[in-house]
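One structure is given here, and the rest of the page talks about it.
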Amino acid sequence: MREKHEPELIAAGKRGDTAAISELFERHYPSSLSVARRILRSDEESQDAVQSAYLSAFRHLHSFRGDAAFKTWITRIVTNHCLMRLRQPWRRWIDFDTLAVNGGSSKLTSPEPTPEASASCREIATALAAATASLPKPLLDVFQLYAFAGLSLRQVAAAMGLTLPAAKSRLFRANARMRKRLEPVWLSMRGATARRNSPDPRACEVLGEAA
């Protein structure tokens with residue numbers, strides 16, 4: 001039997017063909033799960049996030065216009081679902097700096113920080129979410145795929161249909177915008193830490209390339 005090309009599967013899926021939807025799921029689930037694991041660092045959470053993302057994606061499959069590859073589209077949805085989980089109140093300690101520097105390979109721990117550190121983390125998380133949301137879509141796509149999904153710049157360029165210099169340019173501009181939005185919060189947190197004379201001046205990290 002001839003293997004269907006992806007555009008055929010997508011078209012059939014939009015018509016409600018469950019077999020086509022299952023095929024799309026089977027083709028992309030492994031890579032989506034890998035993306036989720038790089039962000040959440042938990043197999044159980046990653047599986048839940050990917051399943052939730054795919055349910056949402058297939059409910060809105062009609063909105064997929066084919067401007068980018070299906071893999072890019074579904075990766076963006078999976079990434080967004082993972083980011084929503086990272087913003088949950090119980091996640092009080094997130095090493096965003098390592099996340100960016102290592103291209104998505106991060107350590108996310110919860111070593112019971114002090115109330116002051118928890119407040120700082122919440123402030124940073126809120127500022128980070130707002131700064132990310134403020135990025136124009138072309139910059140946001142590159143930034144999320146690189147900083148959160150853990151793709152290399154070459155992989156981002158290939159996924160987005162960009163040249164490598166174009167991907168680098170978009171990431172540079174995204175980082176510049178993030179830095180500008182986050183700098184006041186970061187300086188405020190540093191000042192508060194200095195006033196407390198804390199031995200740990202970076203109780204809660206923020207994206208190293210954006211701070």
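Each value in this text was obtained by applying a stated rule to the coordinates, not by laboratory testing. Worth saying up front: this structure is predicted, and the values here are computed from it rather than measured. All Cβ positions, glycine included, derive from the backbone under ideal geometry; neighbour counts span all protein chains shown.
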Q) So, by mean Cβ neighbours within 10 angstrom, what's the order for 167-175, 142-150 with the highest one leading? A) 142-150, 167-175
Q: Sequence neighbours fewer than 8 away in the same chain don't count; with that in mind, list the lysines whose C-alpha is under 20 Å from residue 14.
A: 4, 71
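Local charge sum around residue 167 (other residues, Cβ-Cβ under 13 Å, Lys/Arg +1, Asp/Glu -1)? Please report the intermediate quantities before stating the final value.
Values: positive: 154, 168, 170, 173; negative: 141.
It works out to a net charge of +3.
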